[in-house]
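Trainee: Take a look at this one; I'll ask things after.
The values are calculated or read from the model by the stated rules, or taken from the named source; none is laboratory data. Not measured: the values here are computed from a predicted model. Heads up, the Cβs are rebuilt from the backbone with ideal geometry, glycines too, and the neighbour counts pull from every protein chain shown. These accessible areas exclude ligands, DNA and RNA; they are computed on the full protein's heavy atoms, side chains included. Shrake-Rupley method; radii C 1.70, N 1.55, O 1.52, S 1.80 Å.
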Amino acid sequence: LNDSEIERQHFKDQDMYSDKSDKENDHEESDNDGLGKSEESDSDTSERQDDSYVDPEPIDIKETTYLEQSPEELGEAGEASQTEVVSEENKSLIWTLLKQVRPGMDLSKVVLPTFILEPRSFLDKLSDYYYHADFLSEAALEENAYNRMKKVVKWYLSGFYKKPKGLKKPYNPILGETFRCMWIHPRTNSKTFYIAEQVSHHPPISAFYVSNRKDGFCLSGSILAKSKFYGNSLSAILDGEGRLTFLNRGEDYVMTMPYAHCKGILYGTMTLELGGTVNITCEKTGYSAAIEFKLKPFLGNNDSVNQISGKIKLGKEVLAILEGHWDSEVTISDKKTDVSETFWNPTSDIKQRRLPRYTVKFEEQDDFESEKLWLQVTRAINNKDQTEATQEKYILEEAQRRSAKERKLKGEEWMCKLFDPDSVTGEWHYKYADTRPWDSLNDMIQFEKDGIIQTKVRHRTPMVSVPKIKRKPASQKKEECGFSSPEPDNQDSSGSEAQLLKHNTRIRKKGADLGELQIAIESIKETQEDIKRDIMALRNRVSSHSPPVDYHFLQFKHFVFILLMVVLQLIINFLFK
């Protein structure tokens with residue numbers, strides 16, 4: 001048998017074709033490609049028995065149209081771009097706002113004035129970390145674990161120097177709001193896709209997923225945005241973590257976020273800073289990094305603005321020290337060699353090498369995508385029409401409140417479009433996550449359509465994704481054939497009776513194994529009870545045979561013995577005097 005015949009026979013046994021035409025198309029494609037499936041290992045074959053497959057019928061790719069974004073505002077290093085001079089009109093709005101709050105209050109339910117808003121959504125703001133995603137592409141190829149950690153830390157620091165001029169806060173996303181964008185890597189000819197969705201409104205939780213399978217990394221996480229008012233200052237706390245995964249190595253790098261601190265609300269100059277200690281840890285390699293974002297001291301000078309200090313460690317051993325500023329130069333000092341060098345510095349040359357970001361064509365955006373949803377508010381802010389911006393913002397927020405009331409009256413729960421919650425950990429997982437390492441012989445191109453990141457493949461491949469929560473059949477949606485995007489909880493309607501019988505046999509076998517395990521556990525429990533009874537009986541027996549305790553420490557015979565010893569000692573002293 002030739003390779004194509006073996007492949008055809010293998011898929012016939014799996015009964016994964018929907019009709020005869022699918023078999024013929026796949027047979028022709030196998031002849032043309034000439035890829036030897038007989039080279040697959042036995043472990044791969046056994047793994048496929050329980051995995052889902054995608055029909056390799058050759059069809060055209062229908063992907064989202066992305067357009068390159070216009071030039072962006074990066075902001076200047078230092079405190080100048082982080083201060084805001086509030087006009088007298090806006091000061092009155094701030095005083096009106098302060099009458100509604102008290103120190104220690106959470107501001108998530110407080111309506112903020114539009115003059116402090118940055119004209120983009122918080123979901124868009126979270127994508128600022130991936131303009132230098134090529135650092136992650138380099139880290140995925142790095143063989144040395146210590147150098148990999150340094151490249152990850154370098155990428156992490158690269159996401160902070162972009163900042164709007166003045167003190168600005170992005171929009172609070174509406175429940176169900178989504179945002180999509182991507183970056184093209186010219187060196188590797190790959191794409192990094194970013195998908196985000198507002199999965200909860202109270203509390204406000206934003207979930208995101210980033211994928212570049214060709215370069216070997218993906219990143220997921222969820223952020224709970226909280227804010228606290230302290231009188232003359234307030235803090236915006238990003239509670240949550242991101243999980244960076246290198247697909248070829250199975251390494252997870254878990255990282256946290258600093259908080260934003262705004263001071264000078266009642267008196268002084270309004271200034272925005274970053275504070276707190278963030279941690280980046282890799283449990284598999286044992287490497288970790290801790291970076292402290294320092295607030296400006298009361299008597300500090302300009303050099304003490306935006307300072308950071310950090311350590312890179314292996315277990316408890318410190319390998320390197322980081323010092324500098326998060327919006328400018330950071331140096332690294334090796335503890336063994338005492339050599340210091342520039343670790344990261346966003347110079348003009350580095351900024352020119354930022355990866356270009358592409359956003360979804362406006363006509364192809366859904367009504368709940370950030371750009372289209374906040375269009376009128378953004379337009380009013382750019383036109384400096386605060387009255388119009390406030391009115392349009394109120395319309396969106398009121399529509400959200402009305403929808404929440406209607407769902408409550410009907411007893412309905414909000415169903416997220418792209419993310420599922422984990423009932424155990426509370427984390428949110430992307431429904432269509434594909435964490436397989438890139439296969440250059442089988443994977444052709446990664447693309448995105450309707451928020452679903454997919455891969456065009458030459459042949460069927462098993463899907464690997466994060467565990468999902470089972471959903472109702474009504475929420476399932478059938479995918480087009482020919483792509484390796486996993487469709488969660490989607491059952492194959494063309495399964496044969498033989499497959500069903502095999503499945504039932506496997507279930508019965510697992511049930512029998514479970515029964516034997518239960519019997520073994522019960523036997524162990526009985527043995528433990530017997531041991532406990534024996535120990536109690538032994539204790540009782542020992543206590544019953546023990547002699548009565550004499551509570552008189554010294555009896556008469558003891559005093560006589562002591563007296564004789566004293567007399568004997570005196571006689572000996574007299575004889576040898």
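Trainee: Quickly work out the LYS532-to-LYS372 label distance, labels modelled 7 Å from Cα along the C-beta direction, and quote it in nm with one decimal.
Mentor: 6.4
Trainee: Now a separate question. Run the quick spin-label model on ARG243 and GLU406: label points 7 Å from Cα toward the beta carbon, then report their separation in nm to one decimal.
Mentor: It works out to 3.5 nm between the two label points.
Trainee: Just to confirm, what accessible area per residue do you get for the stretch 66-457 at 1.4 Å probe, in whole Å²?
Mentor: On the way: 18570 Å² over 392 residues.
Value returned for the stretch 66-457: 47 Å² of accessible area per residue.
Trainee: How large, in percent, is the carbon and sulfur part of the accessible surface of the stretch 66-457 at a probe radius of 1.4 Å? Don't jump to the answer; show the numbers that get you there.
Mentor: Values: 9680 of 18570 Å².
Carbon plus sulfur share of accessible area: 52 percent.
Trainee: Can you tell me how much longer the chain between SER440 and LEU266 gets when fully stretched, taken as 0.36 nm per residue apart minus their C-alpha distance, in nm with one decimal?
Mentor: Computed gain between SER440 and LEU266 is 56.7 nm.
Trainee: Separate question: Arrange the residues LYS62, LYS316 by how much accessible surface each exposes, largest first, with a 1.4 angstrom probe.
Mentor: Numbers: LYS62 125, LYS316 195 Å².
Descending order: LYS316, LYS62.
Trainee: While we're on this one: Rounded if a/c is under 1.5, else prolate if a/b is larger than b/c, else oblate: which is the stretch 340-446, with a ≥ b ≥ c the root eigenvalues of its Cα gyration tensor? Each step should come with its number before you reach the end.
Mentor: On the way: a/c = 2.10, a/b = 1.23, b/c = 1.71.
Since a/c reaches 1.5 but b/c is at least a/b, the shape of the stretch 340-446 is classed as oblate.
Trainee: Under a plain spin-label model, where a point goes 7 Å from the Cα along Cα-to-Cβ, how far apart in nm are LEU299 and LYS226?
Mentor: Taking the two extended label points, one gets 3.4 nm.
Trainee: Using a Förster distance of 30 Å, how high is the FRET efficiency between VAL424 and THR277, based on the Cβ-Cβ distance and rounded to 0.05? Before the final figure, lay out the partial values.
Mentor: Values: r = 27 Å, r/R0 = 0.91.
Calculated value: 0.65.
Trainee: Okay, next question. Over 20 Å between Cα atoms, which of LYS372/LYS431; LYS169/LYS361; LYS191/LYS361; LYS226/LYS284; LYS228/LYS384; LYS163/LYS393 qualify? Kindly include the intermediate steps, with their values, before the conclusion.
Mentor: Working: LYS372/LYS431 24 Å; LYS169/LYS361 25 Å; LYS191/LYS361 17 Å; LYS226/LYS284 31 Å; LYS228/LYS384 28 Å; LYS163/LYS393 23 Å.
Listed pairs above 20 Å: LYS372/LYS431; LYS169/LYS361; LYS226/LYS284; LYS228/LYS384; LYS163/LYS393.
Trainee: Also, I was wondering about something else. Taking square-rooted eigenvalues a ≥ b ≥ c of the alpha carbon gyration tensor, is the stretch 66-457 rounded, prolate or oblate, where a/c under 1.5 means rounded and, failing that, a/b exceeding b/c means prolate?
Mentor: Numbers: a/c = 1.69, a/b = 1.15, b/c = 1.47.
Taking the square roots of the gyration eigenvalues as a ≥ b ≥ c, the stretch 66-457 is oblate.
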